[in-house]
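One structure is given here, and the rest of the page talks about it.
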Amino acid sequence: MIVSNVFRTIAGGFRSTAHNLWAGGTGWILLAVGAGWAFSMGVRFIYPTLVPSIQSEFGIGLSTTGLLLTLLWASYAIGHIPGGVLGDYLGEGKILTLSALVSTAAVLSVATAVNIIVLFAATVSFGIATALYGPTRFTVLTDVYPDQSGSAIGVTMAAGNVGNAVFPIIAAAVAGVIGWRAGFGIFVPLFALVAVSIWVLVPTRTSEASLALDEFSLDTFRRLREGIDSGVIPTVVTIQITISFMIQGFASFYPLYLIETKGIDPAMAATLFGGFFALGAIVQPSSGSLMDRIGMRTTLIGFLSACVLGLWLLPFTTGLLPLIAVTVLFAAWNGTAVVTQTYIADTLPADMQGTGLGALKAGWMLLGATAPLVTGFLADAGLFDEAFLMLAGVGTVGVTLAITQLPDRQAVISTVEAD
């Protein structure tokens with residue numbers, strides 16, 4: 001009886017949240033932004049699934065593959081700075097549309113790459129293009145949903161994980177029949193359709209035109225620095241650096257790791273990889289809702305601890321069912337970014353949210369982008385298990401910081417109100 005009441009309460013909470021998110025026509029904005037994020041994220045994670053085919057065609061090893069993926073993530077990191085600035089200055093809707101259009105062209109270039117130079121250049125272009133989407137989607141949703149930003153961002157991040165879950169499996173299936181180029185190419189017209197939807201449904205601007213960024217003065221940089229230094233943002237950013245390093249190393253090589261060290265066939269490896277992200281469609285809305293209800297610290301510690309535990313167990317796990325269980329455990333990672341990035345976006349000064357979040361994301365993503373190169377180098381040296389244990393160690397640092405440095409819910413609320 002008690003359990004039944006608990007489930008009814010949870011279900012009622014989700015129904016109420018869904019109704020509020022759709023009310024007043026804002027649901028169409030949420031739908032368009034979520035679709036754009038699904039393609040921006042999902043197509044990016046096709047790379048790890050098709051790594052064996054790319055290696056075979058271009059004759060590259062794991063270290064070079066790691067470099068390709070590092071450049072993908074590094075370009076994605078660097079692109080957050082112009083993405084945030086342009087979103088504040090020109091309007092959020094314009095930048096989201098531009099991101100989707102350029103991404104469409106970049107994916108077409110990857111699918112038709114005639115040599116490794118073109119492949120690398122197209123990959124970097126795709127990283128930069130999707131980066132324009134990153135900070136701007138947060139500012140759109142915090143503007144449109146000022147009282148339910150955690151829930152709204154959680155929904156869009158869940159949409160991204162639907163793309164992450166489904167697109168690699170589709171790409172692997174298409175590549176198995178037609179070839180890896182078709183695995184990328186099938187998403188070109190779909191990406192273009194998403195770009196049109198964003199242009200039609202998302203307002204050109206959801207916030208006031210930026211006054212702080214009319215000119216890049218010393219005062220602008222001083223205010224940005226003060227905004228970044230406020231509250232527990234420095235601690236949250238440090239934790240996010242460990243999370244970024246951990247996930248970029250894991251996601252870049254997990255399918256190949258399963259194939260080479262666990263004896264899993266490529267189709268099942270792609271399915272497990274997709275399943276890891278599919279769980280995000282459940283985890284991310286839950287984490288956003290939990291953050292709104294019980295606070296940042298408890299929510300972050302819970303999700304981050306679970307995913308780090310899964311990563312520590314992975315090298316010692318054999319057999320399909322235990323590997324599924326470990327993948328499920330590590331999938332708790334999907335809930336961490338909702339917490340950290342929503343807090344940062346809500347805490348930064350309103351007129352430079354995009355710029356501040358873009359600059360910070362560029363920093364932690366750029367540091368995290370070194371993970372594929374390090375992981376690939378260790379794998380080439382025959383230390384694939386050790387590479388994943390290294391990632392687990394980095395994640396443990398993040399858990400320790402969250403436990404020892406983050407304030408409780410009331411302290412966070414007081415800090416935000418003071419700002």
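The values are calculated or read from the model by the stated rules, or taken from the named source; none is laboratory data. None of the values given here were measured: they were computed from a predicted structure. Here Cβ is always computed from backbone atoms with ideal geometry, including for glycine, and neighbour counts include all displayed protein chains.
Regarding Ile81, is this residue assigned to a helix (DSSP H, G or I) and either modelled with pLDDT under 85 or surrounded by fewer than 20 Cβ atoms within 10 Å (Cβ to Cβ) (or both)? Spell out the reasoning first.
Values: assigned to a helix (DSSP H, G or I): yes; either modelled with pLDDT under 85 or surrounded by fewer than 20 Cβ atoms within 10 Å (Cβ to Cβ) (or both): yes.
Criteria met by Ile81.
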Checklist outcome for this item: Scanning region 380-400 residue by residue, those at pLDDT below 90 and assigned to a helix (DSSP H, G or I) turn out to be Asp380
Item to check | Enumeration of residues in region 262-313 that are under 25 Å from Asp346 (Cβ atoms) and basic (Lys, Arg) | outcome: Arg293, Arg297
Checklist entry - Which of (1) modelled with pLDDT of 80 or more; (2) surrounded by fewer than 19 Cβ atoms within 10 Å (Cβ to Cβ) is the odd one out, the single condition Trp180 does not satisfy? => result (2)
Checklist entry - Would you say Val374 is out of contact with any Asp or Glu (no Cβ under 8 Å at 6 or more places or on another chain), assigned to a helix (DSSP H, G or I), over 19 Å from Trp73 (Cα atoms) and not basic (Lys, Arg)? => result no
Next on the checklist: So the check is Cβ under 8 Å with 6+ separation or different chains; which pairs have a first residue in region 76-87 that's under 21 Å from Val43 (Cα atoms) and a second one that's at pLDDT below 70 and basic (Lys, Arg)?
Outcome noted: none
Next on the checklist: Looking at Ser63, Ser56, Ser109, Ser125 in this structure, which one is in a helix (DSSP H, G or I), in contact with an Asp or Glu (Cβ under 8 Å, 6 or more places away or on another chain) and surrounded by fewer than 22 Cβ atoms within 10 Å (Cβ to Cβ)?
Outcome noted: Ser63
Checklist entry - If a residue has to be under 13 Å from the mean Cα position of the chain (by Cα) and modelled with pLDDT of 85 or more to count, how many in region 159-176 make the cut? => result 1
Item to check | Failed condition for Thr327, given (1) closer than 24 Å to Lys262 by Cα; (2) at pLDDT 90 or above; (3) under 20 Å from the mean Cα position of the chain (by Cα); (4) crowded, with 21+ Cβ neighbours inside 10 Å | outcome: (4)
Item to check | Pick from region 269-317, criterion outside any helix (DSSP H, G or I) and modelled with pLDDT under 90, ranking: nearest to Ala402 (Cα to Cα) | outcome: Gly295
Checklist entry - Given the structure, is Gly227 farther than 28 Å from Leu96 by Cα, modelled with pLDDT under 75 and crowded, with 21+ Cβ neighbours inside 10 Å? => result no
Next on the checklist: So, Leu132, is that one closer than 30 Å to Phe58 by Cβ, among the aliphatic types (A, V, I, L, M) and crowded, with 24+ Cβ neighbours inside 10 Å or not?
Outcome noted: yes
Checklist entry - Restricting to region 75-130, what's the tally of residues that are in contact with a Gly (Cβ under 9 Å, 6 or more places away or on another chain) and over 23 Å from Val200 (Cβ atoms)? => result 16
Item to check | First in region 230-242 and buried (at least 20 other Cβ atoms within 10 Å of the Cβ) and part of a loop (DSSP other than H, G, I, E, B), second anywhere and at pLDDT 80 or above and not hydrophobic (A, V, I, L, M, F, W, C), Cβ under 6 Å, 6 or more apart | outcome: none
Item to check | Residue, modelled with the highest pLDDT, within region 188-211, restricted to residues that are exposed (fewer than 12 other Cβ atoms within 10 Å of the Cβ) and assigned to a loop (DSSP other than H, G, I, E, B) | outcome: Glu208
